[in-house]
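A.B. asks: Sharing a structure, written as structure tokens. Questions coming.
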Amino acid sequence: MRTILATLLVALSLSAPAQAESTAAPPTGCGFQNLGTLPLTGATTAGTALDARHPQGPRVYSVTSSASGPALLGIRDARDGRLIAERPLPLALGSWAVTVAPDHSVYVGSYNATAGAMGRLFRYNPSTDQVSELGIPITTETFVWTVAASPDGSAVYGGTSPTGKLFRYDTATGAFADLGSPVPGDQYVRDLAVGEDGTVYAGVGARSMKVAVLTPAGTVERVIDPPVEGSGYAYDVDVAGRYLLVRFVTSTGANPMGVYDLRKRAWKDVVEDVDNLTVGGGRRGHDLYLFQHDELVKYDLRTRKITRLGFTGYGEGAARPLGWLGHTLVGTSSTGRIWQFDRRTGQGRLLDGALTGQPVSIRSLGTGPDGRVYAGGFFTGGLAAYDPATGQAQNWPDVGQSEGIVTHKGKLYLGVYPGARIYEFDGTAPTLLLDLGGQEQDRPFAMISAGDRLAFGTVPKAGTHGGALGLLDPATGRTVIRRDIVPGHSIIGLAYRDGVVYGTTSAFGGTSTPQGDAVAFAYDIATDSLKWQSTPVPGDLALGSIAFDGDGRLWGLTPDTLFELDPATGRTVRSVKHQTYAWSSATQVWLDTNLVFHKGYLWGKVQGKAYRIDPGTMTLALIARPISNLILGPDGHLYLSRFENFSTYRVC
């Protein structure tokens with residue numbers, strides 16, 4: 001079943017043409033050189049809201065995310081999609097959280113994990129056409145997931161991560177109140193709804209999927225347990241008359257919506273496979289307009305009957321029903337489009353996109369079988385290729401978020417989030433080979449060529465522990481999946497030699513609770529068994545990338561330590577601490593390092609810096625900063641990225 005995270009990312013398309021364009025001329029000389037940006041852009045709008053009663057005509061407000069900021073608040077006419085204005089949101093990279101207050105003010109909660117930026121609250125005043133930055137609601141929180149205004153306009157509530165807190169903003173005084181974690185232990189307050197009487201409903205995750213019921217002052221009155229089993233999120237929450245609507249996203253990929261009777265304090269129904277955001281946005285009387293399997297349907301709250309409506313043209317990504325203009329339902333897709341559905345005629349239409357595409361961060365880098373460097377885009381997705389010989393770049397806009405990119409036996413393979421999907425890419429169309437979403441896997445960061453097999457390691461879905469080591473023979477389709485090969489750990493680094501796959505782990509899965517210290521291991525492909533398992537750096541919760549040097553020595557780079565292992569036994573031969581890392585406050589650490597060997601040196605990226613590393617002395621020499629990704633290109637030079645910026649370090 002399709003999760004909301006899957007629908008939010010642009011689907012893999014077989015028809016979208018690749019686009020080519022020129023970049024800078026091929027570099028020459030030695031050392032660091034900026035190559036500009038790759039053709040990765042998109043208009044991703046996770047957060048949107050409708051003001052149907054705006055005095056100057058109905059408006060749709062959408063926030064377009066940006067790789068390095070600022071995100072843009074787009075203001076459009078809800079009737080025809082015409083772009084009225086776009087206003088920057090300083091220090092915001094994007095937003096899921098947009099709401100319209102009774103006075104037509106628009107409040108936006110943002111995200112930004114950059115030190116000092118954090119999750120912020122903004123207010124847009126349509127009468128003055130001005131954006132005001134209201135501050136950081138809670139200094140520990142990097143992400144404001146949801147905002148909701150009280151019916152009387154006196155307050156705006158927000159939910160955050162990574163510690164799952166709720167805040168209240170007093171619109172008269174401008175003061176923030178930290179209301180704490182409504183369900184302690186959950187990392188996210190994922191969505192909020194405020195009833196007509198001011199009662200606040202807070203949906204949490206990534207473990208319990210509970211809904212906390214709070215007074216307007218923020219006191220927890222009770223907590224509603226979900227009607228479904230497992231872990232995940234109470235992802236979308238809304239109030240529709242006497243009913244509380246909650247769409248859950250579970251670790252298994254199911255998206256049921258629960259209908260809770262607030263008077264009887266009992267669950268009335270569970271509707272399977274609800275794909276859309278904003279479950280109450282399509283309410284009209286007793287009817288709810290929802291998406292199931294990418295098609296708009298009508299659900300009767302009284303009879304529980306579902307009527308298929310045939311409308312599927314909402315613009316890809318995730319559909320978000322927002323509200324009504326007369327007999328026309330207005331909504332958006334996460335790709336920035338506005339759609340409309342006329343309930344009288346039964347016809348829908350997709351309005352022309354009018355938002356300005358923004359640069360997309362480079363999520364991953366890999367070398368291709370054709371001598372090009374490939375880059376995968378974050379969030380919006382997309383795939384780009386850069387030819388070091390010509391300086392030409394090419395892009396495929398409709399490829400999902402690639403966490404891993406690798407060449408195996410002359411072909412390119414992509415590990416795509418969510419669902420840990422493995423694709424073979426022939427330069428025109430990606431072919432799906434494997435989908436591990438049903439096994440609670442999400443992020444295939446680590447991918448290597450391992451003899452006849454493609455090997456990959458995964459991080460599990462939010463709310464779960466236990467990543468997987470996977471082996472796939474593309475020629476035969478034979479697959480071996482070993483989940484929990486290290487109990488509770490994610491597999492984040494891989495290397496291969498002589499029939500053995502060497503791996504490193506993160507003690508974090510899809511939760512903030514680590515499962516002991518991170519480990520290294522050796523897996524024998526022929527016997528399907530572990531040869532050894534060790535703890536190279538006691539106290540480190542994630543190890544990172546590993547690589548062999550020219551003498552067959554196995555090296556690893558963690559956020560704070562460089563180490564050498566004996567490949568035969570896993571014994572730590574040498575280690576040196578290169579800098580400090582705040583493990584005690586870490587809430588989730590996956591792959592944070594890159595490591596390659598070339599021309600007698602190790603080359604590594606760690607904590608935003610790139611180094612040349614002398615294997616003999618284990619000393620690190622800084623070559624570039626800030627850096628997010630590093631690979632060895634097919635031409636023998638390094639390629640690096642930071643946000644949307646692409647560069648090279650020429651090794652001479």
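The values are calculated or read from the model by the stated rules, or taken from the named source; none is laboratory data. All figures in this text were calculated on a predicted structure; none of them were measured in a lab. Positions of Cβ are generated from backbone atoms using ideal geometry, with glycine treated the same way; all protein chains shown enter the neighbour counts. Protein only, heavy atoms only, side chains kept; ligands, DNA and RNA dropped before computing areas. Shrake-Rupley method; radii C 1.70, N 1.55, O 1.52, S 1.80 Å.
A.B. asks: Looking at region 307-316, is at least one residue surrounded by fewer than 24 Cβ atoms within 10 Å (Cβ to Cβ), among the charged types (D, E, K, R) and assigned to a strand (DSSP E or B)?
C.D. replies: Here is the first cut: in region 307-316, the residues surrounded by fewer than 24 Cβ atoms within 10 Å (Cβ to Cβ) are 307-313, 315-316.
Pick out the ones that are also among the charged types (D, E, K, R) and you get 308, 316.
With assigned to a strand (DSSP E or B) added as a condition, the list becomes 308.
Yes, region 307-316 has at least one match.
A.B. asks: Does Thr278 qualify as being open to solvent by 20 Å² or more (accessible area, probe 1.4 Å), outside any strand (DSSP E or B) and under 16 Å from Leu192 (Cα atoms)?
C.D. replies: Details: open to solvent by 20 Å² or more (accessible area, probe 1.4 Å): yes; outside any strand (DSSP E or B): yes; under 16 Å from Leu192 (Cα atoms): yes.
So Thr278 fits the description; yes.
A.B. asks: In this structure, does Gly539 turn out to be open to solvent by less than 30 Å² (accessible area, probe 1.4 Å) and not hydroxyl-bearing (Ser, Thr, Tyr)?
C.D. replies: Working: open to solvent by less than 30 Å² (accessible area, probe 1.4 Å): no; not hydroxyl-bearing (Ser, Thr, Tyr): yes.
No; evaluated as a whole, the condition is false for this residue.
A.B. asks: Could you pull out every one of the strands (runs of 3 or more DSSP E) wholly within region 412-491 that has 2 or more residues that are touching a Pro at 6+ places or on another chain (Cβ under 9 Å), within 24 Å of Arg372 (Cβ to Cβ) and open to solvent by 20 Å² or more (accessible area, probe 1.4 Å)? Spell out the reasoning first.
C.D. replies: On the way: elements: 421-425, 430-435, 441-450, 453-460, 468-472, 479-483.
So the answer is 421-425.
A.B. asks: Please enumerate the residues belonging to region 632-647 that are assigned to a strand (DSSP E or B), more than 21 Å from the chain's Cα centre (by Cα) and surrounded by fewer than 22 Cβ atoms within 10 Å (Cβ to Cβ).
C.D. replies: Across region 632-647, the qualifying residues are Leu632, Ser647.
A.B. asks: Take Arg263 and decide whether it is open to solvent by 50 Å² or more (accessible area, probe 1.4 Å) and free of Cβ contacts under 8 Å to residues at least 40 places away in the same chain. Explain how you work it out, then say what you get.
C.D. replies: Values: open to solvent by 50 Å² or more (accessible area, probe 1.4 Å): yes; free of Cβ contacts under 8 Å to residues at least 40 places away in the same chain: yes.
Yes, satisfied.
A.B. asks: Answer with yes or no whether Thr513 is of a type in the set (Ser, Thr, Tyr) and modelled with pLDDT of 95 or more.
C.D. replies: no
A.B. asks: Okay, moving on. What residue, among those in region 17-36 that are at pLDDT 95 or above and of a type in the set (S, T, N, Q), is farthest from Gln401 (Cα to Cα)?
C.D. replies: Gln33
A.B. asks: Pick from His293, His327: which is in contact with an Asp or Glu (Cβ under 8 Å, 6 or more places away or on another chain), at negative phi and either of a type outside the set (Lys, Arg) or at pLDDT 95 or above (or both)? Show your work before the answer.
C.D. replies: Numbers: His293 fails: at negative phi.
Criteria check complete, one pass: His327.
A.B. asks: Among the numbered criteria (1) touching a residue at least 40 places away in the same chain (Cβ under 8 Å); (2) under 24 Å from the mean Cα position of the chain (by Cα), which one does Tyr502 miss?
C.D. replies: (2)
A.B. asks: Next question. Can you confirm whether Asp186 is open to solvent by less than 40 Å² (accessible area, probe 1.4 Å), free of Cβ contacts under 8 Å to residues at least 60 places away in the same chain, over 18 Å from Ser95 (Cα atoms) and not hydrophobic (A, V, I, L, M, F, W, C)?
C.D. replies: Values: open to solvent by less than 40 Å² (accessible area, probe 1.4 Å): yes; free of Cβ contacts under 8 Å to residues at least 60 places away in the same chain: yes; over 18 Å from Ser95 (Cα atoms): yes; not hydrophobic (A, V, I, L, M, F, W, C): yes.
Judged against the criteria, Asp186 is a match.
A.B. asks: Something else now. Going through region 614-631 one residue at a time, which ones are more than 29 Å from the chain's Cα centre (by Cα) and either closer than 21 Å to Tyr386 by Cβ or assigned to a strand (DSSP E or B) (or both)?
C.D. replies: From region 614-631, those more than 29 Å from the chain's Cα centre (by Cα) are 614-623; that's our starting set.
Answer for region 614-631, where residues must be more than 29 Å from the chain's Cα centre (by Cα) and either closer than 21 Å to Tyr386 by Cβ or assigned to a strand (DSSP E or B) (or both): Asp614, Thr619, Leu620, Ala621, Leu622, Ile623.
A.B. asks: Within the set of pairs 6 or more residues apart or between chains, which connect a residue that is touching a residue at least 12 places away in the same chain (Cβ under 8 Å) inside region 336-359 to a residue that is open to solvent by 60 Å² or more (accessible area, probe 1.4 Å) and not in a strand (DSSP E or B) with Cβ atoms less than 6 Å apart?
C.D. replies: Leu350/Arg337; Gly353/Arg337
A.B. asks: Scan region 132-162 residue by residue and report those that are open to solvent by less than 40 Å² (accessible area, probe 1.4 Å) and within 21 Å of Ala85 (Cβ to Cβ).
C.D. replies: Once the filter is applied, which keeps residues that are open to solvent by less than 40 Å² (accessible area, probe 1.4 Å) and within 21 Å of Ala85 (Cβ to Cβ), region 132-162 yields only Val147.
A.B. asks: Does Leu355 satisfy being modelled with pLDDT under 95, touching a Ser or Thr at 6+ places or on another chain (Cβ under 6 Å) and surrounded by 21 or more Cβ atoms within 10 Å (Cβ to Cβ)?
C.D. replies: Working: modelled with pLDDT under 95: yes; touching a Ser or Thr at 6+ places or on another chain (Cβ under 6 Å): yes; surrounded by 21 or more Cβ atoms within 10 Å (Cβ to Cβ): yes.
Criteria met by Leu355.
A.B. asks: Look at Gln347 and say whether it is within 30 Å of Arg284 (Cα to Cα), in contact with a strand residue (DSSP E or B) (Cβ under 6 Å, 6 or more places away or on another chain) and modelled with pLDDT of 95 or more.
C.D. replies: In short, no.
A.B. asks: Are any residues in region 105-130 in contact with a strand residue (DSSP E or B) (Cβ under 6 Å, 6 or more places away or on another chain), surrounded by fewer than 22 Cβ atoms within 10 Å (Cβ to Cβ) and in a strand (DSSP E or B), and if so, which ones?
C.D. replies: Once the filter is applied, which keeps residues that are in contact with a strand residue (DSSP E or B) (Cβ under 6 Å, 6 or more places away or on another chain), surrounded by fewer than 22 Cβ atoms within 10 Å (Cβ to Cβ) and in a strand (DSSP E or B), region 105-130 yields only Arg123.
A.B. asks: Same structure, new question: If you take the residues in region 201-216 that are of a type outside the set (Ser, Thr, Tyr) and either open to solvent by 30 Å² or more (accessible area, probe 1.4 Å) or more than 18 Å from Ser161 (Cα to Cα) (or both), which one is modelled with the lowest pLDDT?
C.D. replies: So the first thing to find is which residues in region 201-216 are of a type outside the set (Ser, Thr, Tyr), and the list is 202-207, 209-214, 216.
Still in the list and also either open to solvent by 30 Å² or more (accessible area, probe 1.4 Å) or more than 18 Å from Ser161 (Cα to Cα) (or both): 207, 210, 213-214, 216.
On the way: Arg207: 87, Lys210: 98, Val213: 98, Leu214: 98, Pro216: 97.
Looking at the filtered set, the residue picked out is Arg207.
A.B. asks: Cβ-Cβ under 6 Å, sequence separation 6+ or interchain: first residue in region 411-430 and under 14 Å from Leu454 (Cα atoms) and without any contact (Cβ under 8 Å) to a residue 60 or more places away in the chain, partner crowded, with 20+ Cβ neighbours inside 10 Å and of a type in the set (Phe, Trp, Tyr). Which pairs?
C.D. replies: That search, which allows pairs on different chains as well, returns Leu412/Phe425; Leu414/Tyr423; Leu414/Phe425; Gly415/Phe456; Glu424/Tyr413.
A.B. asks: Condition first: in a loop (DSSP other than H, G, I, E, B) and within 27 Å of the chain's Cα centre (by Cα). Can you find one or more residues in region 286-296 that meet it?
C.D. replies: Filtering region 286-296 down to residues in a loop (DSSP other than H, G, I, E, B) leaves 286, 293-294.
Then drop every residue that is not within 27 Å of the chain's Cα centre (by Cα), which leaves 293-294.
Yes, some residue in region 286-296 is in a loop (DSSP other than H, G, I, E, B) and within 27 Å of the chain's Cα centre (by Cα).
A.B. asks: Could you check region 85-104 and list, in sequence order, the residues that are under 22 Å from Ser150 (Cβ atoms), touching a residue at least 60 places away in the same chain (Cβ under 8 Å) and in a strand (DSSP E or B)?
C.D. replies: Residues of region 85-104 that are under 22 Å from Ser150 (Cβ atoms), as a first pass: 95-104.
Imposing the further condition that a residue be touching a residue at least 60 places away in the same chain (Cβ under 8 Å) reduces the set to 97, 101.
Matches in region 85-104: Ala97 only.
A.B. asks: Could you tell me which residue of region 375-395 is nearest to Trp96 (Cα to Cα), considering only residues that are open to solvent by 10 Å² or more (accessible area, probe 1.4 Å) and aromatic (Phe, Trp, Tyr)?
C.D. replies: Within region 375-395, the subset open to solvent by 10 Å² or more (accessible area, probe 1.4 Å) is 378-380, 387-390, 392, 394-395.
Still in the running and aromatic (Phe, Trp, Tyr): 378-379.
On the way: Phe378: 16, Phe379: 12 Å.
So the residue we want is Phe379.
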